[in-house]
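Note sheet for the following structure.
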Amino acid sequence: MPLITSISGLRGTIGGAPGENLTPLDAVKFTAAFVSLLKEKYNSKITIVVGRDARISGLALKHQVISTLQFCGASVIDLDLATTPTVEMMVTESKAQGGIILTASHNPKEWNALKLLDAQGEFISAADGEKLLAISQNHEFNFVSVDELGVLTLKMDSLNYHLQKILELPLVNVELIRAANFSVAVDGINSVGGIAIPELLKELGVKNIYKLNCEPTGDFAHNPEPLAEHLTDICALVKDKQADLGIVVDPDVDRLAFIDEKGIMFGEEYTLVAVADYILENYQGAEYNKAAVSNLSSSRALKDIALKHDATYEAAAVGEVNVVAKMKNIKAVIGGEGNGGIIYPELHYGRDALVGVALFLTYLAKKKITVSQLRAQYPGYIMIKHKLTLIDRQEINLIFDKLKSAYSSQRLDEQDGLKIEWADAWVHMRPSNTEAIMRLYIEAPDEIRAGELLTEILANIK
């Protein structure tokens, strides 16, 4: 597989030739460039927090990255196994200048990546990303003398800090959850979620926890993307144990999916919807506005929930960094992405499955209903995802111009590709940054309407 170098990080499969796959040489160049960027930005001693998910290549890659950081003169706080949101929170807690998360998120075990954080514990900006790529490509970095080597500090209690901050949130009610006496099944996909989610549940007073794939071996038991076709075992476990719900995360624990008591997927798109319903229902004002944000490809159900609570809703371009920017701009109290990513700024600006679990369980305990009953309260939209192969990328502008003309009477949004909205449905088209393909997302009230829109759009494109 090709090495993917972008403004948000370095990603690829382990092994092969430098520049074609993720190799030690590529990791060294990218890490050294990151230190050079931070030194230029802060003109001071640099400290960087490093954490990893449990994938097989993680430990070796961590040693490679940490030694490079030290040889570049950066001090390192090594969290070792840590969720992505934990690393994000520890950057600010440690007053570090940046962070590196070694995870390829939902990609299979042969993949790994370096994801880069700024001093706020958020993914670096597009501008900083462009600078870093130039530094890496031009080898504009240096290594320090022996007396200037960075200092390494091992910190093994970062999860405890993260959990304590969650428990202190006003809208997380441990007594209510404990009294509900939930039984919960957990699929940790053989990564850090197998450690973090059960620990969180114990802190929340959940006594009946059924673990599946919770040993952090990195040898994933199934495709790690939390989609229904990959989760048959956890669905069966929920039914077999008569659990109240199942919890599924991806390898770095920034995406969250639920299984209802019948062993049926709650729907990743509705993780954010349910949490936002709770947050907006209990909105208290103060620092944040009564507003919600998701990306253009996320379900319109979030907008429906916002309107139900007399809140405002805005859509951002796809990508966590874009959602966070929009949330900050309007001071939204809740936001995230339809892939099960919850961003709750009262804790921090990053997708966080752990805080999502705590808020969801509190809401479920408060309402005293089942997971399936909660899901039935939300709109039943159908979403179709389609990939269109292009002859070349030059076709995209022509396609968009033709579609804008054909659908000029509809609401059009061009901040990220092209989104066309009807009263009951929408279509979002985004060109890939790395391939000659275009991704189509369609949401409608039912499968018939969604299918009709897909046929219509493809016919117009042709």
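The values are calculated or read from the model by the stated rules, or taken from the named source; none is laboratory data. These figures come from a predicted structure and were not determined experimentally. Here Cβ is always computed from backbone atoms with ideal geometry, including for glycine, and neighbour counts include all displayed protein chains. All accessible areas refer to the heavy atoms of the entire protein, side chains included, with ligands and DNA or RNA removed. Shrake-Rupley method; radii C 1.70, N 1.55, O 1.52, S 1.80 Å.
Among residues that are over 19 Å from the mean Cα position of the chain (by Cα) and more than 27 Å from A196 (Cα to Cα), V65 is not included. Taken together, the criteria place S408 among residues that are open to solvent by 20 Å² or more (accessible area, probe 1.4 Å) and hydroxyl-bearing (S, T, Y). Within the stretch 322-335, residues that are hydroxyl-bearing (S, T, Y) have Cβ atoms under 6 Å from residues that are open to solvent by less than 10 Å² (accessible area, probe 1.4 Å) in no pair, counting only partners at least 6 apart in sequence or on another chain. Scan the stretch 381-415 for residues that are touching a strand residue (DSSP E or B) at 6+ places or on another chain (Cβ under 6 Å) and acidic (D, E) and report the count. Residues in the stretch 381-415 being touching a strand residue (DSSP E or B) at 6+ places or on another chain (Cβ under 6 Å) and acidic (D, E): 1 in total. How about the stretch 347-438: which strands (runs of 3 or more DSSP E) wholly inside it have at least 1 residues that are modelled with pLDDT of 95 or more? In the stretch 347-438, the matching strands (runs of 3 or more DSSP E) lie at 411-413, 418-421, 426-431.
Residue selection: V333 satisfies the criterion of being open to solvent by less than 20 Å² (accessible area, probe 1.4 Å), over 19 Å from Y381 (Cβ atoms), part of a strand (DSSP E or B) and out of contact with any Gly (no Cβ under 7 Å at 6 or more places or on another chain).
Can you tell me which condition A325 does not meet? The list is (1) open to solvent by 10 Å² or more (accessible area, probe 1.4 Å); (2) in a strand (DSSP E or B); (3) within 20 Å of L347 (Cα to Cα); (4) among the hydrophobic types (A, V, I, L, M, F, W, C), and all the others hold. Only one criterion in (1) open to solvent by 10 Å² or more (accessible area, probe 1.4 Å); (2) in a strand (DSSP E or B); (3) within 20 Å of L347 (Cα to Cα); (4) among the hydrophobic types (A, V, I, L, M, F, W, C) is unmet by A325, namely (2). Out of the stretch 439-462, which residues are in a strand (DSSP E or B), farther than 17 Å from N397 by Cβ and open to solvent by less than 10 Å² (accessible area, probe 1.4 Å)? Within the stretch 439-462, I442, E443, A444 qualify.
For the stretch 420-445, the set of residues classified as within 18 Å of D304 (Cα to Cα), under 27 Å from the mean Cα position of the chain (by Cα) and charged (D, E, K, R) consists of E421, E443, listed by residue number. For K211, the requirement of being closer than 23 Å to S105 by Cβ and not in a helix (DSSP H, G or I) is met.
R375 meets the stated requirement of being touching a Gly at 6+ places or on another chain (Cβ under 8 Å) and either closer than 30 Å to L201 by Cβ or open to solvent by 90 Å² or more (accessible area, probe 1.4 Å) (or both).
Among residues of the stretch 158-180 that are over 19 Å from N282 (Cβ atoms), those with a beta-carbon under 6 Å from a residue that is open to solvent by 40 Å² or more (accessible area, probe 1.4 Å) and of a type in the set (D, E, K, R) at least six positions away or on a different chain give the pairs L163/E203. Checked against the criterion of being over 13 Å from the mean Cα position of the chain (by Cα) and at pLDDT 95 or above, the candidates T312, T271 yield just one match: T312. Name the one entry in K41, K45 that is of a type in the set (D, E, K, R) and touching a residue at least 40 places away in the same chain (Cβ under 8 Å). Testing whether each residue is of a type in the set (D, E, K, R) and touching a residue at least 40 places away in the same chain (Cβ under 8 Å) leaves just K41.
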